[in-house]
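*Asks:* Dumping the structure here so I can ask a few things about it.
The values are calculated or read from the model by the stated rules, or taken from the named source; none is laboratory data. Keep in mind the model is a prediction, meaning the values are calculated, not measured. Virtual Cβ from ideal backbone geometry, glycine too; neighbours counted across all protein chains shown. When the accessible area is computed, the model is the full protein with side chains, heavy atoms only, and any ligands, DNA or RNA have been set aside. Shrake-Rupley method; radii C 1.70, N 1.55, O 1.52, S 1.80 Å.
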2 protein chains.
Amino acid sequence: MELDFEKSGGLVPAIIQDERTGDVLMLGFMNPAALSETQRTGEVVFFSRSRNKLWKKGESSGHVLKVREVRVDCDADALLVRVEAVGPGVCHEGYRSCFFRSFDAGGNTSVIAERTFDPEKIYGAEKTR
Amino acid sequence: MELDFEKSGGLVPAIIQDERTGDVLMLGFMNPAALSETQRTGEVVFFSRSRNKLWKKGESSGHVLKVREVRVDCDADALLVRVEAVGPGVCHEGYRSCFFRSFDAGGNTSVIAERTFDPEKIYGAEKTR
C-alpha cells in the first residue's frame, strides 16, 4: 500500500499511542524520509514543520518512542504508531502526554494531568525535544 | 487559549478516541467552524478536505460521535476528542476503527480487526459517511 502524502502537503499525521495504557501521547507529522527512518531504526522520527527537517523524538531528552506497531487508516493518509515510551513523558512541558489540558467550548483550558518531570532539568535552555 | 489553525492550512487535526476503550477510532480535521459546530451540538463535525465543506460524522449512517471531552496539545495545534461512538463502527469499510490494518516496513498491510457491520447496508451506493 502506498501512503497518501499529498493531502497534508507531503506529510502524514502520525498519532502516537502508548501501547500499554492506550493513552494518546502526541501527534506529529512524517514525510517519507521520516517514516523510513522510523521503520529502519524502530524509534519514532518525525518531520518538524517548524524546523523543516527530520526530528528524532527524544534526541536530546532520551525520551525516545520505541515502535511496537504501525497502523494505517482506511484512506491511507494517517498513521497510528503504537509505542513504548521511554522515560517519564513525551511533552516538553513535563507531562506524560502532550494532551494534558482539556479545552471547553469557551476556549478555556484546564490541566487534567500531573507533571511527571521537570522540563528545565531535561531540556535546559535548549528546548529541542 | 487560541488554537493554532495556521500550521495545517486553516485546520487542526482532531484525533478521535473512544472514551471507554481507549481505542483510536479515526483522525479528521477541523476548521474553526467545524470546531464551533462540534462544541455547539456535542457531536463531532469535521471539515472535509476532499469535499471542501463541513461534514458531520454519521450524517448518513447515524454513527455519530458524542463528545465527552476535548483536549488540546501543548502547541495548541492538535485536538484529542474523547467520544462515545454510537453504532457498530466509524469506518466506511465496516470496522469499529479506521485503523484496522497494520503497516509493516515493506509497506505491506494486514487486517487486525473484525468487521463489525456491512458497509453496503449502511452506506449503500452513496458513500457519504
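*Asks:* Compute the helix-to-body angle for A:32-41: its Cα long axis versus the longest principal axis of chain A, expressed 0 to 90° and rounded to tens.
*Replies:* Relative to chain A, helix A:32-41 is tipped by roughly 70 degrees.
*Asks:* For every helix of n ≥ 4 consecutive DSSP H residues, a contribution of -39,500 (n - 2.57) applies; sum these over the protein assembly as shown, divide by its total residues, and give [θ] at 222 nm rounded to the nearest 500 deg cm²/dmol.
*Replies:* On the way: 4 runs with 30 residues, N = 258.
Value at 222 nm, helices only, nearest 500: -3000 deg cm²/dmol.
*Asks:* Here's another thing I want to ask about it. If you wrap a convex hull around the C-alpha atoms of chain A and split its volume per residue, what is the figure in Å³? Could the numbers behind the result be given before it?
*Replies:* Values: hull volume 17.1 nm³, N = 129.
That works out to 132 Å³ per residue.
*Asks:* Ignoring everything but the protein chains, give the 1.4 Å probe accessible area of B:W55 in square angstrom, nearest 10.
*Replies:* Here the residue's solvent-accessible area equals roughly 30 Å².
*Asks:* Right, another one. Within segment B:77-95, list the residues whose amide N lies under 20 Å from a label point set 7 Å along Cα→Cβ of B:D118.
*Replies:* Once the point is set 7 Å along Cα→Cβ of B:D118, B:87-95 turn out to lie under 20 Å by backbone N, inside segment B:77-95.
*Asks:* Shifting gears a bit: Between copies, how far does the label point of A:D4 sit from its twins, in nm, shortest first, when each point is 7 Å from Cα along Cα→Cβ?
*Replies:* 2.6
*Asks:* Lysine pairs in chain B with alpha-carbon atoms under 23 Å apart, 8 or more places apart or on different chains: how many are there?
*Replies:* So the count of such lysine pairs works out to 11.
*Asks:* Still on this structure: For segment B:64-106, max minus min Cα coordinate along each principal axis, in Å, sorted largest first?
*Replies:* Between the extreme Cα coordinates on each principal axis of segment B:64-106 lie 32, 32, 11 Å.
*Asks:* Right, something else. Keeping all protein chains in the complex and leaving out DNA, RNA and ligands, what accessible area do you get for B:R68 with a 1.4 Å probe, in Å² to the nearest 10?
*Replies:* 120
*Asks:* Hey, which residue of A has the C-beta nearest the axis mapping A onto B, and what's the distance in Å?
*Replies:* A:G22, 1
*Asks:* List, shortest first and in nm to one decimal, how far the label point of A:I112 (7 Å from Cα along Cα→Cβ) is from its counterparts in the other copies.
*Replies:* Label-point separations across copies, in nm and ascending: 2.5.
*Asks:* Of the heavy-atom accessible surface of segment A:1-102 (probe 1.4 angstrom), what whole percent is carbon and sulfur? Present the calculation step by step, with values, prior to reporting the outcome.
*Replies:* Numbers: 1680 of 3900 Å².
With neighbouring chains kept in place, the figure for segment A:1-102 is 43 percent.
*Asks:* What's the percent breakdown of Cα-Cα distances in the protein assembly as shown across 5 Å bins, shortest bin first?
*Replies:* 1, 6, 13, 18, 20, 18, 13, 7, 3, 1, 0, 0
*Asks:* Would you kindly work out, in nm and rounded to one decimal, the distances from the label point of B:S50 to those of the same position in each other copy, ordered shortest first, with label points 7 Å along Cα-to-Cβ?
*Replies:* In ascending order, 3.3 nm.
*Asks:* Something else: Please state the charge dipole magnitude for the protein assembly as shown, taken about the Cα centre, from unit charges on C-beta atoms (+1 on K and R, -1 on D and E), reported in debye and rounded to the nearest 20. Don't skip to the answer; put the middle values down first.
*Replies:* Working: 36 positive and 40 negative charges, 20 e Å.
Dipole about the Cα centre, nearest 20: 100 debye.
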